[in-house]
Amino acid sequence: MSINSVCISGRIGQAPELFRQVSGATFLRFSMAVNDRRRTHSGSWQDVPNWVPVVFFGPRAEALEKILVKGSKVCVSGRLSQSHWTTEDGQSRSALSVICSEIDIMSKPLKKQEEPPQNQQPPRY
């Protein structure tokens, strides 16, 4: 038996992009910064972002495209999916992304014209 379940929280690192496939299906794609704390050589702690590609499909993608912006803090859950392709020069590539089924928006939804908070770190408990 295997389990393919993912739940991560972080901030959206780029403006979400809505795509339409030839079939008419829509999907929303963005990347999330999920921080990992690491100790430096000097002994202090440093946040290091892990950039995770995230994808939503269907009508939900269209609705989320209207409210999600760069900097929004979200928690998503879904499953991992690996894509494989070959570049024009013949090299094999692959990428792992999260195919989402649920989302919790953890910050006040911003309008598209508003700027996301700059360098604002949530408190650590």
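Placing R0 at 22 angstrom, the Cβ-Cβ distance between E88 and N50 gives a FRET efficiency of 0.15 after rounding to 0.05.
Secondary-structure-derived ellipticity at 222 nm for the chain, considering helices only, amounts to -1500 deg cm²/dmol, per-run term -39500 (n - 2.57) for DSSP H runs with n ≥ 4. The listed peptides 48-59, 18-29, ordered by packing as a protection proxy, come out as 48-59, 18-29 (highest mean of other Cβ atoms within 10 Å first). In percent, rounded to a whole number, the relative contact order of the chain is 26, using alpha-carbon pairs under 8 Å and six or more apart.
Here the Karplus relation 6.51 cos²θ - 1.76 cosθ + 1.60, evaluated at θ = phi - 60°, turns the backbone of segment 38-53 into coupling constants of 10, 7, 7, 4, 7, x, 7, 9, 9, 7, 10, x, 9, 8, 10, x Hz, with x for every Gly and Pro.
Bridgeable aspartates and glutamates around K73 (alpha carbons under 12 Å apart, same-chain partners fewer than 8 residues away excluded): D104.
In the context of the full set of protein chains, residues of the chain present 71 Å² of accessible surface per residue (probe radius 1.4 Å, heavy atoms only). Ligands, DNA and RNA left out, the 1.4 Å accessible surface of the chain is 51% carbon and sulfur atoms. Which shape class applies to segment 1-54: rounded if a/c is under 1.5, otherwise prolate when a/b exceeds b/c and oblate if not, where a ≥ b ≥ c are the square roots of the Cα gyration tensor eigenvalues? Here segment 1-54 falls in the oblate category. Can you list residues from other chains, or at least 5 along the same chain, whose modelled amide H is less than 5 Å from the amide H of N35? So N35 has HN proximity to N50. Among the aspartates and glutamates, which fall within straight-line cross-link reach of K108, defined as a Cα-Cα distance under 18 Å, with same-chain neighbours fewer than 8 residues apart omitted? Candidates past the 8-residue exclusion: E65.
The values are calculated or read from the model by the stated rules, or taken from the named source; none is laboratory data. The structure presented is a predicted model; accordingly, all values stated were derived computationally and were not measured. In this analysis, Cβ positions are derived from the backbone assuming ideal geometry, glycine residues included, and neighbour counts consider all displayed protein chains. For the accessible areas, the whole protein counts, side chains as well, though only heavy atoms, and no ligand, DNA or RNA atoms are used. Shrake-Rupley method; radii C 1.70, N 1.55, O 1.52, S 1.80 Å.
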